[in-house]
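Following: one structure in structure tokens, then a few remarks.
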Amino acid sequence: MIHNVYFWLKQDLSAGQVETFENELIALKTIDYLEHGFVGKPAPTDERPVTDHTFSYSLTLHFKNLEDHNFYQAECPKHKRFVDICKPFFERVIVYDTSPIH
């Protein structure tokens, strides 16, 4: 399953707070039971009615199964650390979780 998360950071963050957010976000990619992790910012693609460039950062985590995702949400120390440290830095977050259809 794929866990896609989009963050909108608060506008008044210091450079140090942004750096902390980035470092903590990148650390989530190192979780050992992930298939793959990706952290990014909006790509400089052309503006189109279907694109949204308003988010600050994105996180995509590929889990082997739903059980690993559920562990991540409820018990993963790295996820808990990220939430504890970084929740004050963003004003909005949206999650899109997807499962394969085949």
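The values are calculated or read from the model by the stated rules, or taken from the named source; none is laboratory data. For clarity, every value in this text was computed on a predicted model and none was experimentally measured. For neighbour counting, all protein chains shown are included, and Cβ atoms are generated from backbone atoms with ideal geometry for every residue, glycine included. Ligands, DNA and RNA are excluded from the accessible area calculation, which covers all protein heavy atoms including side chains. Shrake-Rupley method; radii C 1.70, N 1.55, O 1.52, S 1.80 Å.
Going through the range 1-43 one residue at a time, which ones are of a type in the set (Lys, Arg) and within 11 Å of His62 (Cβ to Cβ)?
Let us first name the residues in the range 1-43 that are of a type in the set (Lys, Arg), namely 10, 29, 41.
Result: Lys29, single match.
Please enumerate the residues belonging to the range 5-37 that are in a strand (DSSP E or B) and touching a helix residue (DSSP H, G or I) at 6+ places or on another chain (Cβ under 7 Å). So that I can check it myself, show each step before the final result.
Initially, the range 5-37 is screened for residues in a strand (DSSP E or B), giving 5-9, 34-37.
Those that are in a strand (DSSP E or B) and touching a helix residue (DSSP H, G or I) at 6+ places or on another chain (Cβ under 7 Å): Leu9, Gly37.
Among the numbered conditions (1) open to solvent by 90 Å² or more (accessible area, probe 1.4 Å); (2) in contact with a Cys (Cβ under 9 Å, 6 or more places away or on another chain), tell me where Phe21 comes up short.
For Phe21, the failing item is (1).
Within the range 70-87, restricting attention to residues that are more than 12 Å from Glu24 (Cβ to Cβ) and without any contact (Cβ under 8 Å) to a residue 60 or more places away in the chain, which residue is nearest to the chain's Cα centre (by Cα)? Talk me through it step by step, then tell me what you get.
Of the range 70-87, the ones more than 12 Å from Glu24 (Cβ to Cβ) are 70-77.
With the extra rule that they be without any contact (Cβ under 8 Å) to a residue 60 or more places away in the chain, the set shrinks to 70-71, 73-77.
Values: Asn70: 15, Phe71: 16, Gln73: 12, Ala74: 16, Glu75: 17, Cys76: 14, Pro77: 15 Å.
Residue satisfying both the conditions and the ranking: Gln73.
Out of Ala74, Ala27, which single residue is loosely packed, with under 10 Cβ neighbours inside 10 Å, among the hydrophobic types (A, V, I, L, M, F, W, C) and modelled with pLDDT of 95 or more?
On the way: Ala27 fails: loosely packed, with under 10 Cβ neighbours inside 10 Å.
Only one candidate passes the filter, namely Ala74.
Give Arg92, Arg81, Arg48 a once-over and let me know the one that is assigned to a loop (DSSP other than H, G, I, E, B), of a type in the set (Lys, Arg), open to solvent by 50 Å² or more (accessible area, probe 1.4 Å) and at pLDDT 95 or above. Quick ask: steps written out before the conclusion?
On the way: Arg92 fails: assigned to a loop (DSSP other than H, G, I, E, B); Arg81 fails: assigned to a loop (DSSP other than H, G, I, E, B).
On inspection, the qualifying residue turns out to be Arg48.
In the range 27-59, what residues are within 19 Å of Arg81 (Cβ to Cβ) and among the charged types (D, E, K, R)?
Step one: of the range 27-59, the residues within 19 Å of Arg81 (Cβ to Cβ) are 27-34, 37, 39, 57, 59.
Answer for the range 27-59, where residues must be within 19 Å of Arg81 (Cβ to Cβ) and among the charged types (D, E, K, R): Lys29, Asp32.
Kindly list, by first and then second residue, each pair from a residue in the range 7-30 that is touching a residue at least 40 places away in the same chain (Cβ under 8 Å) and polar (S, T, N, Q) to a residue that is part of a loop (DSSP other than H, G, I, E, B) and surrounded by fewer than 16 Cβ atoms within 10 Å (Cβ to Cβ), limited to pairs with Cβ atoms under 9 Å and residues at least 6 apart or on different chains.
Correct list of pairs: Gln17/Lys10.
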